[in-house]
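Please read the structure below before turning to the comments.
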Amino acid sequence: MTKKYLVLALLLQLALPVPAQKAPQIKVEQGTLEGTAEKSGVQSFKGIPFAQPPVGELRWTAPQPPKNWTGVRKATSFGNNGMQKPVFGDMMFRSPKMSEDCLYLNVWTPAKKPSEKLPVLVYFYGGGYVAGDGSERRYDGESLAEKGIVTVTLNYRLGIFGFFSHPELTKESPNHASGNYGLLDQYAALLWVKKNIAAFGGDPDKITIAGESAGSISVSAQMASPLSKNLIAGAIGESGAMINPTLDAIPLAENEKQGAAFTEKVKAGSLAALRAIPAEQLLEEAAKPGAFNTKAVVDGYFLTKLPSETFAAGEQAKVPLLAGWTSTEIPYQAFMHGQFPSPENYAKRVKETYNDKADEVLKLYPGTTQDEVIKSATALASDNFIVYSTWKWVDLYRKTAKQPVYVYQFSRARPAMKSEMGDAKPGLAGGIVKGDGAKKDENAMPEALTGASHASDIEYALGNLASNTAFGWTADDYKVSELNEDYFANFIKTGNPNGKKLPDWPVSKADGDMTVMDINVQSKAAKEQYRARYLFLDKIYMAKK
């Protein structure tokens, strides 16, 4: 009988519901937060306000410190995404809605915090300063948190809400500046992290900033800014720097002139009238052709000079830097402007673009066959789009920072989209352009060069391949992702990407050529191949400053 009772007791115990894991709570400067205990053991805290909502009178002002709250604030869902048009098809937000009230950040941290403080990553999303959100699955911080890193994503103001200048805004500002509100949002988030991240187990003196595309451009800007350069201990840039021709900053007076012209277009007679325009209407007005061009500003406050000048002078943050680009950022069509990639058409396009420098371009980017044209036109498009500016950043930095610099090229080509998604190809800024699945015309344009397109490296680097179900990831993709994420994790922890069982990644020293790590299934480091190309472009773009 005793044995039967024991079996019965065991069965009853198994039938009882498992008690839910207690929701984690953390006290920050503004009050108590209640987050989520993820199945992995990571704790997440989402939708944390790091500034007051920039609405009403706070539209086009520097972000103001967040207000305190009483009781326990739920931090279990993402905050609103910023005002934007649906520019890129691959941006999938988990935010509840779009709103000017968008200044929120998210934190992922290991549940069991060791006695030592953990390194911190603050990640800025990309999207050309006109789109993006910290809730995107590809930026999710859970995977890095599992590796012992407190990971933060955040939102910042975009487009006309984040980069609008006007003489009256400059006049009313205590800093005598206007226009860099999106970058100031990032700075405000860094300040909040510095003050509060210890509550999540993070080390406030061990903050690495990172980002891709506009996020990488932001990293270079934050490093160059006198406001934020002393808040960071390391930096990672994935494709992009605030250097001509890639979203370089413009003079304040130039952006003020654009702002005044926009004000006339919308027939707003005062700042009060401008601020009274509903956010949705303002977004629509700014999206009209030629109405508004989003640019950062040399405002004398956040940026005192062009970032390229700051890096050349060695006045930037001096911390370890890891930066690079993808192997085929954008396809050859971006340079050929719809023309067939024949040697004749290619030579014509080069002469139209470079005039008296065409012969030099054709030596550096030759095109004597169709295959060679596709390769060179891809390189020209990619270099002018974002590779050159990223190269220029690391080249300047390694000469003035006296800190370790690690350079990479990510080359793993993303697999084809799953059949149920139809025909698709990468868009020019990482967005997905879908087709109708029709058969190809024999006279159609040749396929783009195989390689890693712009923004395709994000999921690999942050360990989030599984979150993107559009692609048929293979074992090799997961192998590359593990390698890439380990390099990033090691760098965030130590300022050096190298570690056990990883191919050796040498430092690029101040003198001589760079060493570039090619990240792929078979990763290896080698002397940079295309320095002559970048030096040629350097003469063009540095002369245009």
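The values are calculated or read from the model by the stated rules, or taken from the named source; none is laboratory data. Not measured: the values here are computed from a predicted model. Ideal geometry is used to build each Cβ from the backbone, glycine not excepted, and the neighbour counts take in all protein chains shown.
Tell me, yes or no, whether the range 161-174 has at least one residue that is assigned by TED's automatic domain parsing to the domain that holds residue 59 and closer than 17 Å to residue 317 by Cα.
Here is the first cut: in the range 161-174, the ones assigned by TED's automatic domain parsing to the domain that holds residue 59 are 161-174.
From the residues that got through so far, the ones that are closer than 17 Å to residue 317 by Cα too are none.
No: the range 161-174 contains no residue that is assigned by TED's automatic domain parsing to the domain that holds residue 59 and closer than 17 Å to residue 317 by Cα.
For the range 497-513, which positions are within 18 Å of residue 398 (Cα to Cα) and either more than 26 Å from the chain's Cα centre (by Cα) or at pLDDT below 95 (or both)?
Step one: filter the range 497-513 for residues within 18 Å of residue 398 (Cα to Cα), giving 497, 505-513.
Residues satisfying the conditions are 509, 510, 511, 512, 513.
Within the range 450-463, one or more residues are exposed (fewer than 13 other Cβ atoms within 10 Å of the Cβ) and assigned by TED's automatic domain parsing to the domain that holds residue 403. Scanning the range 372-392 turns up one or more residues that are without any contact (Cβ under 8 Å) to a residue 40 or more places away in the chain and surrounded by fewer than 20 Cβ atoms within 10 Å (Cβ to Cβ).
Screening 267, 318 for residues that are farther than 30 Å from residue 363 by Cβ and without any contact (Cβ under 8 Å) to a residue 24 or more places away in the chain leaves exactly one candidate, 267.
Residues in the range 456-485 that are among the hydroxyl-bearing types (Ser, Thr, Tyr), within 18 Å of the chain's Cα centre (by Cα) and in a loop (DSSP other than H, G, I, E, B): 1 in all. When residue 503 is tested against (1) surrounded by 15 or more Cβ atoms within 10 Å (Cβ to Cβ); (2) assigned to a loop (DSSP other than H, G, I, E, B); (3) touching a Leu at 6+ places or on another chain (Cβ under 9 Å), only condition (1) is not met.
Among the residues of the range 215-227, is any polar (S, T, N, Q) and either surrounded by fewer than 24 Cβ atoms within 10 Å (Cβ to Cβ) or in contact with a Pro (Cβ under 9 Å, 6 or more places away or on another chain) (or both)?
Going residue by residue through the range 215-227, those that are polar (S, T, N, Q) are 216, 218, 220, 222, 225.
Those left that are additionally either surrounded by fewer than 24 Cβ atoms within 10 Å (Cβ to Cβ) or in contact with a Pro (Cβ under 9 Å, 6 or more places away or on another chain) (or both): 220, 225.
Scanning the range 215-227, I find at least one residue that is polar (S, T, N, Q) and either surrounded by fewer than 24 Cβ atoms within 10 Å (Cβ to Cβ) or in contact with a Pro (Cβ under 9 Å, 6 or more places away or on another chain) (or both), so the answer is yes.
Kindly indicate which of 148, 132 is touching a residue at least 40 places away in the same chain (Cβ under 8 Å) and either closer than 16 Å to residue 102 by Cα or not assigned by TED's automatic domain parsing to the domain that holds residue 252 (or both). 132 is the lone residue from the list that is touching a residue at least 40 places away in the same chain (Cβ under 8 Å) and either closer than 16 Å to residue 102 by Cα or not assigned by TED's automatic domain parsing to the domain that holds residue 252 (or both).
For the range 202-229, residues that are under 15 Å from residue 129 (Cα atoms), out of contact with any Asp or Glu (no Cβ under 6 Å at 6 or more places or on another chain) and not small (Gly, Ala, Ser) total 3.
Of everything in the range 179-217 that's β-branched (Val, Ile, Thr) and assigned to a helix (DSSP H, G or I), which residue is farthest from the chain's Cα centre (by Cα)? Selected residue: 197.
If you check 407, 387, 394, which single one turns out to be modelled with pLDDT of 95 or more, within 30 Å of residue 315 (Cα to Cα) and assigned to a strand (DSSP E or B)?
Details: 387 fails: assigned to a strand (DSSP E or B); 394 fails: assigned to a strand (DSSP E or B).
Of the residues listed, the single one that is modelled with pLDDT of 95 or more, within 30 Å of residue 315 (Cα to Cα) and assigned to a strand (DSSP E or B) is 407.
Among the residues of the range 468-496, the one identified as basic (Lys, Arg) and either modelled with pLDDT under 95 or within 30 Å of residue 402 (Cβ to Cβ) (or both) is 493. Would you check if residue 180 is touching a residue at least 60 places away in the same chain (Cβ under 8 Å) and surrounded by fewer than 24 Cβ atoms within 10 Å (Cβ to Cβ)? In short, no.
Of all the criteria given as (1) within 15 Å of the chain's Cα centre (by Cα); (2) without any contact (Cβ under 8 Å) to a residue 24 or more places away in the chain, the one not satisfied by residue 257 is (1). Contact map, the range 224-249: first residue modelled with pLDDT of 95 or more, second residue assigned to a strand (DSSP E or B) and surrounded by fewer than 20 Cβ atoms within 10 Å (Cβ to Cβ), Cβ cut-off under 7 Å, separation 6 or more or different chains; pairs are 233/205.
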